[in-house]
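A.B. asks: Let me begin by handing over the structure; questions about it come next.
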Amino acid sequence: MDVVSVQLRSRREGGRELPLLVWRLPAPMRAVASAPHGGGLGMRRWVVNAQVPPSYARRDPDHHLAKLAVSLGLPGRGVGLLTAADVRLHETTVDHGVEVTATVGLGHPVQAAAPPSASPIELVGTINLVAVVPERLSDAALVNTVATATEAKVQALRDLGHDATGTATDAVVVLCPSEGRAADFGGPRSVWGSRLARAVYGAVLAAGRPR
């Protein structure tokens, strides 16, 4: 599989200069994503993780990210993420071919099963994960990797000293090739799931430490 590298870019928006991370995939890849743009399962050609102000209040993030992709010259269908965390402080960890990049904002950590709250959702507390697995995964395995990545994220937050499972706006993207025999499992004790878990843990731990 060709190397998938992340680029740090910037754009002018709302009177300010804002950074973003861009992955231009060398070929369309299978993806699973819990993202406001390009979420779900399907073939994707790029990923964007765009920093926005903490006061971000747009009700059309899907449309916003689509326009942003056009302005960057990104063709076809991709995945778009938003965060108020400083994406320049991203961290990348590699484990036996699995590469994970994390941007971590911990201004508003939460417990997933906390009681209902009327407090507004804050993008400043967002953990975004972009993972590339170098072997094709089945649909079920791809979905399983989302759970595996989430478990590893929680483990990292615990070891960072946070009594939290994440934030209210976390997102994850897992990419894999579209060719080859598909691996059937993505859990934490499977070959690719275990590597993904370690890479997620390392990236979140590094990005979540105070700077």
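A.B. asks: Given the conditions (1) over 23 Å from G39 (Cβ atoms); (2) at pLDDT below 95; (3) within 18 Å of the chain's Cα centre (by Cα); (4) among the small types (G, A, S), and given that A118 satisfies all but one, which numbered condition is not satisfied?
C.D. replies: Among (1) over 23 Å from G39 (Cβ atoms); (2) at pLDDT below 95; (3) within 18 Å of the chain's Cα centre (by Cα); (4) among the small types (G, A, S), A118 violates only (3).
A.B. asks: Evaluate the stretch 113-128: report whether one residue or more is of a type in the set (D, E, K, R), more than 27 Å from R44 (Cα to Cα) and surrounded by 14 or more Cβ atoms within 10 Å (Cβ to Cβ). Working first, answer last.
C.D. replies: Initial filter on the stretch 113-128 (of a type in the set (D, E, K, R)): 122.
Those still in the list that are more than 27 Å from R44 (Cα to Cα) too: 122.
Checking the rest, the ones that are also surrounded by 14 or more Cβ atoms within 10 Å (Cβ to Cβ) come to 122.
Yes, some residue in the stretch 113-128 is of a type in the set (D, E, K, R), more than 27 Å from R44 (Cα to Cα) and surrounded by 14 or more Cβ atoms within 10 Å (Cβ to Cβ).
A.B. asks: Can you tell me which condition V110 does not meet? The list is (1) under 15 Å from the mean Cα position of the chain (by Cα); (2) closer than 19 Å to V146 by Cβ, and all the others hold.
C.D. replies: (1)
A.B. asks: Being surrounded by 17 or more Cβ atoms within 10 Å (Cβ to Cβ) and modelled with pLDDT of 95 or more is the filter here, so list the residues in the stretch 73-84 that pass it.
C.D. replies: Scanning the stretch 73-84 gives L74, G78, V79, G80, L81, L82, T83.
A.B. asks: Turning to a different aspect of this structure: Output the residues belonging to the stretch 66-122 that are basic (K, R), touching a strand residue (DSSP E or B) at 6+ places or on another chain (Cβ under 8 Å) and outside any loop (DSSP other than H, G, I, E, B).
C.D. replies: Residue satisfying the conditions is R88 alone.
A.B. asks: Let me ask another. Which count do you get for residues in the stretch 151-174 that are surrounded by 20 or more Cβ atoms within 10 Å (Cβ to Cβ) and either among the polar types (S, T, N, Q) or farther than 23 Å from V22 by Cα (or both)?
C.D. replies: Of all residues in the stretch 151-174, those surrounded by 20 or more Cβ atoms within 10 Å (Cβ to Cβ) come to 152-153, 156-157, 166-167, 169-174.
Next, from what is left, pick out any that are either among the polar types (S, T, N, Q) or farther than 23 Å from V22 by Cα (or both): 152, 156-157, 166-167, 169.
So the count comes out to 6.
A.B. asks: Condition first: under 24 Å from D184 (Cα atoms), among the hydroxyl-bearing types (S, T, Y) and assigned to a loop (DSSP other than H, G, I, E, B). Can you find one or more residues in the stretch 136-147 that meet it? It would help to see each step written out before you state the result.
C.D. replies: If we filter the stretch 136-147 for residues that are under 24 Å from D184 (Cα atoms), which is where we start, we get 136-147.
Remaining after also requiring among the hydroxyl-bearing types (S, T, Y): 138, 145.
Checking the rest, the ones that are also assigned to a loop (DSSP other than H, G, I, E, B) come to 138.
The answer is yes; a qualifying residue exists.
A.B. asks: Right, next: Just wondering, is there one or more residues in the stretch 162-171 that are of a type outside the set (D, E) and closer than 19 Å to V4 by Cα? Write out each step before concluding.
C.D. replies: Our first condition is that a residue be of a type outside the set (D, E); within the stretch 162-171, this holds for 162, 164-169, 171.
Pick out the ones that are also closer than 19 Å to V4 by Cα and you get none.
No, the stretch 162-171 contains no residue that is of a type outside the set (D, E) and closer than 19 Å to V4 by Cα.
A.B. asks: Moving to a separate point now. State yes or no: is G105 crowded, with 24+ Cβ neighbours inside 10 Å and touching a Phe, Trp or Tyr at 6+ places or on another chain (Cβ under 6 Å)? Give the derivation first.
C.D. replies: Working: crowded, with 24+ Cβ neighbours inside 10 Å: yes; touching a Phe, Trp or Tyr at 6+ places or on another chain (Cβ under 6 Å): no.
So G105 does not fit the description; no.
To keep it simple, each residue is scored yes or no on (1) assigned to a helix (DSSP H, G or I); (2) at pLDDT 95 or above; (3) of a type outside the set (D, E).
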site: A149; (1), (2), (3): yes, yes, yes
site: L157; (1), (2), (3): yes, yes, yes
site: T169; (1), (2), (3): no, no, yes
site: V172; (1), (2), (3): no, yes, yes
site: E179; (1), (2), (3): no, yes, no
site: L196; (1), (2), (3): yes, yes, yes
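A.B. asks: State all residues of the stretch 121-142 that are in contact with a Leu (Cβ under 7 Å, 6 or more places away or on another chain) and at pLDDT 95 or above; if no residue qualifies, say none. Working first, answer last.
C.D. replies: Going through the stretch 121-142, the residues in contact with a Leu (Cβ under 7 Å, 6 or more places away or on another chain) turn out to be 123, 125, 128, 131-133, 139, 142.
N128, A131, V132, V133, D139, L142, listed by residue number.
A.B. asks: Scan the stretch 181-194 for residues that are surrounded by fewer than 23 Cβ atoms within 10 Å (Cβ to Cβ) and either part of a loop (DSSP other than H, G, I, E, B) or acidic (D, E) (or both) and jot them down.
C.D. replies: If we filter the stretch 181-194 for residues that are surrounded by fewer than 23 Cβ atoms within 10 Å (Cβ to Cβ), which is where we start, we get 181-185, 187-191, 194.
Within the stretch 181-194, R181, A182, D184, F185, G187, P188, R189, S190 qualify.
A.B. asks: Which ones in the stretch 79-104 are of a type in the set (S, T, N, Q) and over 15 Å from A152 (Cα atoms)? Spell out the reasoning first.
C.D. replies: Just the residues of the stretch 79-104 that are of a type in the set (S, T, N, Q), to begin with: 83, 92-93, 101, 103.
The one that is of a type in the set (S, T, N, Q) and over 15 Å from A152 (Cα atoms): T83.
A.B. asks: Now for a different question. In the stretch 52-60, is there at least one residue being hydrophobic (A, V, I, L, M, F, W, C) and within 27 Å of R136 (Cα to Cα)?
C.D. replies: Pass one, the stretch 52-60, residues hydrophobic (A, V, I, L, M, F, W, C): 52, 57.
Next, from what is left, pick out any that are within 27 Å of R136 (Cα to Cα): none.
The answer is no; no qualifying residue exists.
A.B. asks: Given the conditions (1) closer than 13 Å to L175 by Cβ; (2) at pLDDT 95 or above; (3) not aromatic (F, W, Y), and given that M1 satisfies all but one, which numbered condition is not satisfied?
C.D. replies: It is condition (2) that M1 fails.
The values are calculated or read from the model by the stated rules, or taken from the named source; none is laboratory data. Fair warning: this is a prediction, and the values are worked out from it, not measured in the lab. Virtual Cβ from ideal backbone geometry, glycine too; neighbours counted across all protein chains shown.
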